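Contents: one structure, followed by commentary.
The values are calculated or read from the model by the stated rules, or taken from the named source; none is laboratory data. Values in this document were obtained by computation on a predicted structure and should not be read as measured data. All Cβ positions, even for glycine, are placed from backbone atoms using ideal geometry, and neighbour counts span all protein chains on display.
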């Protein structure tokens with residue numbers, strides 16, 4: 001137990017603290033929130049507005065953007081669409097020699113040939129990761145070999161139908177630098193190849209149906225070791 005005098009002293013002290021023991025109450029001095037120092041912030045970037053469509057056809061950027069869009073994905077995946085762009089790359093000229101022959105002849109067992117493919121971009125120099133892969137226009141390089149013979153024959157006037165998929169092989173063959181409008185079914189996968197499924201969830205794959213050449217390529221496409229006849 002504290003002595004009586006100590007208890008009285010504590011009580012007086014407790015009372016003096018909130019009342020400042022007779023001192024003047026401190027007045028509130030408002031201060032502005034802004035100190036006067038300007039923040040050094042970077043300029044707001046200007047977002048590039050890209051074209052989704054060019055007439056009835058999608059741009060390459062527009063098709064791929066819709067493919068990845070939660071809102072627009074349902075409007076484009078698995079649908080027949082047209083895409084206009086430049087052929088930025090093909091694998092025709094890189095076909096392995098073991099796969100360059102007439103149809104009816106099987107590739108050697110150790111011959112690993114990719115599915116004939118070309119890519120289209122919004123510019124002639126667009127990189128592959130900004131281009132759309134087009135497949136389904138020829139089942140193998142043997143059909144391209146026979147298609148070249150048919151295209152270069154003066155007696156041919158009906159084109160050439162792929163012996164595996166029944167699709168009409170495009171004439172002229174896809175060649176780098178050409179501007180084209182390609183029609184096909186657009187999705188993230190391609191299932192026709194016997195070698196297995198191809199997938200591209202970012203840019204998608206166009207399963208070829210038809211093509212219209214808007215600007216021809218500088219040169220005719222051909223397979224390794226196969227000479228072309230100049231068009232008349």
Looking at (1) in contact (Cβ under 8 Å) with a residue 24 or more places away in the chain; (2) in a loop (DSSP other than H, G, I, E, B); (3) over 28 Å from residue 63 (Cβ atoms), which is the one condition that is false for residue 148? (2)
Mind listing whichever residues of segment 163-189 are buried (at least 20 other Cβ atoms within 10 Å of the Cβ) and either in contact (Cβ under 8 Å) with a residue 60 or more places away in the chain or farther than 24 Å from residue 84 by Cβ (or both)? 173, 174, 175, 178, 180, 182, 184, 186
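Mind checking which residues of segment 175-211 are touching a strand residue (DSSP E or B) at 6+ places or on another chain (Cβ under 7 Å) and either assigned to a loop (DSSP other than H, G, I, E, B) or over 20 Å from residue 165 (Cα atoms) (or both)?
Passing the criteria: 175, 176, 177, 178, 179, 180, 181, 188, 197, 200, 203, 204.
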Would you point out the residue of segment 129-160, among those that are at pLDDT 95 or above and surrounded by fewer than 15 Cβ atoms within 10 Å (Cβ to Cβ), that is nearest to residue 95 (Cα to Cα)? 149
Segment 57-101, residues that are touching a residue at least 60 places away in the same chain (Cβ under 8 Å) and assigned to a helix (DSSP H, G or I): 60, 61, 63, 64, 67, 68, 97
